[in-house]
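First comes the structure, then the notes that go with it.
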Amino acid sequence: MPTPPGQSSSQPLPAKELGYFKKIVKSYEQKQYKAGLKFAQKILTSPGFAEHGETLAMKGLILNCMGKLQEAQDCVRRGLVSDLRSYVCWHVFGLIQKTEKKYDEAIKAYKRALMLEKDNLQILRDLSLLQIHIRDYDGYLSSKYELLQLRQTQRVSWLGYIVAHHLLKEHNLALGIMAEYIKNNTPSGYDFEFSELILYQNLIMREAGLPDVALQKLEENSTHIVDKVAYMETRANLLMDLEQPKQAENVWRALIERNPDSLEYYDMLEKCMGIKDSPKAQLAMLDGLAEKFKRAAAPRRLALYLVEGEELRRRLHEWMIPMLRKGAPSLFASLVPLYKYPQKQAVIESLITEYVKKMDDEGYGNVSLDGKDQECEPPTTALWLYVLASHHFDRCGMTQLALNYIERAIQHTPTVVENYMLKARIYKHAGDYDEAARWMEEAQSLDTADRYINGKCGKYLLRAKRSDEANKMLAKFTREGENAASHLTDMQCMWYELESGRAFRSVNKYGEALRKAHHIDFHFNTWIEDQYDFHTYCLRKMTLCSYIRLLRMCDKLRDADYYYQGAKLAIKIYLRMIDRPDDMNEHSALIKEGMTDQEIKKMKKKLKKQKELQEEEEKKKKDKEQKEEGLQRGPQIDAEALLKTEDPLGEAAKFCHNIHTFGTQKVTGYALCAEVYRRKGKVLLALKCLNEGEDREPTHPLLHVQKVKFLAYWPKCELSGLVKETADELMKCVYGAERDAAELNEKFKIEHQHDFAHRLAYAEAQYSIDSSTNLISWILKSIEDSKVNGRSLKMMIKLKDGIEYGKYGKWSKDDMEKLRKQVHSLFPLSLDFGGGVQHKSASAAPTSAETN
Amino acid sequence: MGEEDEKQQVDKHNWGSEELSKVSDTREEKDDLKLNTDALGNLFNASAPARPKINIKKEDLQLIMNELELQEGTVRAKLIETNGDVREALRSLCGL
């Protein structure tokens, strides 16, 4: 017989108190926390029961649910100390450890509780949840086994046990139990849950490598499957696995009939038809389907990417005209894949200029772009044509033309918000972030009720390093009376964390920037935490295929671009802490040699400012605490504390772990990790990352820099035994027979002399192995050399930042001025190189030297 | 009275949290399965969760944890996968 709570204690309660205790438990279950606390108080104030263990435990549990974490901890600990032989106290102690994310501790506590009270269902359930949460599949299996024996007629017991076997890849056992379950419980009619179960059975069969059985079962049960699309997709995939492409083709065609705009279906169809290598056959297939599905965009769009020259021109014409007439905002986006090829780009350009000329010659009141006399274009065609032209020239880096066209579009219709957004975007691409923000504010002012444009505006202000204004702008859409930044953190708004972090970095507030990067990490933790509730929910709802997908997604959740961007921000700051510790003082840029008097003044000012800021912050904190009565919400990360870390490399390595572990495709990620691990002396990890990078993109400039740096470091490694063997093997994979860093670098220089990024990589690598190198004039020449590709503004800014960091040797003031002038002539609008739009009225137009 | 307090907290910004709290409800599960008890007994006899024991050396565990900065659980799982072969585990974790 199970012991009810309250009677399991070594401190038995008299009848009246026991009654209160039962009410506490009930209040807790019904989430009436305040009532629960009152009953607890009644027991705890009775003489002799001030330290009643189980009451303290329940009180702690309730406090925990109310967010009073510290108080809850104290209560539960006190309870456990008073009554070590109560399973309730141990169970609650485990629950509290779980909210503290001390999973191992929690599992130990649950197990202690189970030793005291064998076969307690609730504790077993909680234990199994944590086991699956930390992916202890063995433990999960044995807990589910116990649960199944205790509750043999309960669905979830069975499902949990099947899932456990499946996750352990014991497919046959999982399928055997599933078969038994299905045999006795097949419903007669429509049953969504059964449908899900059949699909799950099929998933296991496929993973067990039994496509033939899977297909057979799928057909047998086809009438039970409610999700027809899932049924058809599974069937098509199975037929492909079983090498029956003809039948599979029919299924994909039937799916296209259901949804002719799914790109995946077309891809699979090409595979089935065996026409992946034949653009001609692909085109015929797409044209056939385009004929059949008149309104479908996908077959027409996919065809655009297969053709060239006149044919491309003809198809583009047919593609673009209806979209220009409709004003489809996605028109430019659909053309983007063509910009990889200069010849295709030229076709687009010739079409656009032809349209514009026609429009100019005939006047947009009576022109017809496809030459049919009876029709004339609606007045908006001209507008969208100018917008498209502007997009096009912006993409090609022809800023002035892009601006001319967007100006024409604005003249045509001055009230279209998107026009101003595009104008802002052009300035952003040209490097004038102030002007970009100005136009985005203009766009925002035209539609203050639109959250999207509000967000864009905030982002552009952050790019212009105006964090305070950005927050004010964003506050229009965040909770009233609360700081926009903390609300956006509550909302797990990732773009904001990232842009805001970068904005702080650009004004040398590295602590604040780090804090934002850690917020991103925190959000990912929260999401992984959030899966906890689904361990019960999905079993109950029988959505097992989705559940398995959820588990697998959570396993590599951090393989997401936002995580990578945030990690990169953090890692680079940690490396800067080591390379340039003086940078960490945000005012260091202001204090220069030989300015003693002013230096003192500035120091005083700075100190004063800091004091004020600190006081202000403390005041804010106090206010907040008062408001929330000790309730802690969101990440509690202190910027100053982050800067004071003793082990920046270790902190960086924590982020690195999540970049390279999940097999990301980002070669730059592996390069960055290699840098950290090399410095940390983790030879195998550094080599692993270099090797993974080598598999992805062996000639990537950043990877090359790391390869040279590591090769130069290699002779200094002292390894032995198994580690040495493994390292030698990896060395062969990465470098072949090459063991000379300088030689490797020279080869790279010759092979990639026409790429600017590669040239910079060569230079950085060369400086790292030989500090007496002088490549300054070579770099300066590269900037002006029209034979060198990829001399983009982005690369120029990277060069400038790299010079300031010290990656490219010592640059004199004259050298820097040369650099500025050269880049300025290429990118006259870039603020970083002394350009930008000058406003007559604004005397405080920023110049590059001061803002950076 | 307690309930009222709870309701007030659910303002317009938090409407989603009420929905979400349903996810973590601990409703009693459906209890209506029909099962053939004989078959059940067979299943339990056939598949009592006995896991194969693999001998894992502590120094192997330590070596890989230290070289590759991995958690014990990850390394242990990999060593089980390779039947305790440390060389194979290390190579596999290095992507070889």
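A few remarks follow.
- Residues of the range A:365-386 that are in contact (Cβ under 8 Å) with a residue 40 or more places away in the chain and outside any loop (DSSP other than H, G, I, E, B): A:Thr380, A:Thr381, A:Leu383, A:Trp384, A:Leu385.
- Residue match in the range A:471-478 (condition: within 14 Å of another protein chain (Cβ to nearest Cβ) and part of a loop (DSSP other than H, G, I, E, B)): yes
- Listed by position, the helices (runs of 4 or more DSSP H) enclosed by the range A:106-169 that each have at least 3 residues that are at pLDDT 95 or above are A:121-133, A:155-167.
- The residues of the range A:24-35 that are under 17 Å from A:Cys89 (Cα atoms) and touching a helix residue (DSSP H, G or I) at 6+ places or on another chain (Cβ under 7 Å), listed by number, are A:Ile24, A:Val25, A:Tyr28.
- If you go through the range A:484-502 and keep only what is in contact (Cβ under 8 Å) with a residue 24 or more places away in the chain and either among the aromatic types (Phe, Trp, Tyr) or part of a loop (DSSP other than H, G, I, E, B) (or both), you end up with A:Gln492, A:Trp495, A:Tyr496.
- Residues in the range A:510-527 include at least one that is within 14 Å of chain B (Cβ to nearest Cβ), open to solvent by 30 Å² or more (accessible area, probe 1.4 Å) and in contact (Cβ under 8 Å) with a residue 24 or more places away in the chain.
- Here the range A:188-208 is the region considered, the condition is being within 14 Å of chain B (Cβ to nearest Cβ) and of a type outside the set (D, E, K, R), and the residue that is nearest to A:Arg549 (Cα to Cα) is A:Leu197.
- Meets criteria (more than 26 Å from A:Gly94 (Cβ to Cβ), open to solvent by 50 Å² or more (accessible area, probe 1.4 Å) and within 11 Å of chain B (Cβ to nearest Cβ)) for A:Asn185: no
- For the range A:653-692, a residue qualifies if it is more than 16 Å from the chain's Cα centre (by Cα) and basic (Lys, Arg), and the qualifying residues are A:Lys654, A:Arg678, A:Arg679, A:Lys680, A:Lys682, A:Lys688.
- So A:Glu738, is it in a loop (DSSP other than H, G, I, E, B), over 27 Å from A:Gly806 (Cα atoms) and open to solvent by less than 30 Å² (accessible area, probe 1.4 Å): yes
- Members of the range A:48-76 that are open to solvent by 10 Å² or more (accessible area, probe 1.4 Å) and in a loop (DSSP other than H, G, I, E, B): A:Gly48, A:Phe49, A:Ala50, A:Glu51, A:Met66, A:Gly67, A:Lys68
- Qualifying position, being closer than 29 Å to A:Val823 by Cβ, surrounded by fewer than 18 Cβ atoms within 10 Å (Cβ to Cβ) and without any contact (Cβ under 8 Å) to a residue 60 or more places away in the chain, among A:Glu362, A:Glu442: A:Glu442
- In the set A:Cys75, A:Cys65, only one residue is within 14 Å of another protein chain (Cβ to nearest Cβ) and hydrophobic (A, V, I, L, M, F, W, C); that residue is A:Cys65.
- Subset of the range A:530-549 [more than 12 Å from chain B (Cβ to nearest Cβ) and open to solvent by 40 Å² or more (accessible area, probe 1.4 Å)]: A:Ser546, A:Arg549
- Matching residues, the range A:132-148, being open to solvent by 60 Å² or more (accessible area, probe 1.4 Å) and facing chain B (nearest Cβ under 7 Å): A:Asp138
- The listed residue being assigned to a helix (DSSP H, G or I) and either touching a residue at least 40 places away in the same chain (Cβ under 8 Å) or open to solvent by 30 Å² or more (accessible area, probe 1.4 Å) (or both), out of A:Leu306, A:Leu302, A:Leu289, A:Leu269: A:Leu302
- Residue match in the range A:316-330 (condition: basic (Lys, Arg) and within 25 Å of A:Phe393 (Cα to Cα)): yes
- Within the range B:67-96, the set of residues being at the interface with another protein chain (Cβ under 7 Å from one of its Cβ atoms) and outside any helix (DSSP H, G or I) comprises B:Glu69, B:Cys94, B:Gly95, B:Leu96.
- The range A:634-664: number of residues that are open to solvent by 50 Å² or more (accessible area, probe 1.4 Å) and within 14 Å of another protein chain (Cβ to nearest Cβ): 4
- On the stretch given as the range A:5-40, residues that are within 14 Å of chain B (Cβ to nearest Cβ) and in a helix (DSSP H, G or I) total 15.
The values are calculated or read from the model by the stated rules, or taken from the named source; none is laboratory data. Computed from a prediction, not measured in an experiment: that's the story for all the values here. Note that we place each Cβ from the backbone using ideal geometry, even for glycine, and neighbour counts take in every protein chain shown. With ligands, DNA and RNA removed, areas are computed over all heavy atoms of the protein, side chains included. Shrake-Rupley method; radii C 1.70, N 1.55, O 1.52, S 1.80 Å.
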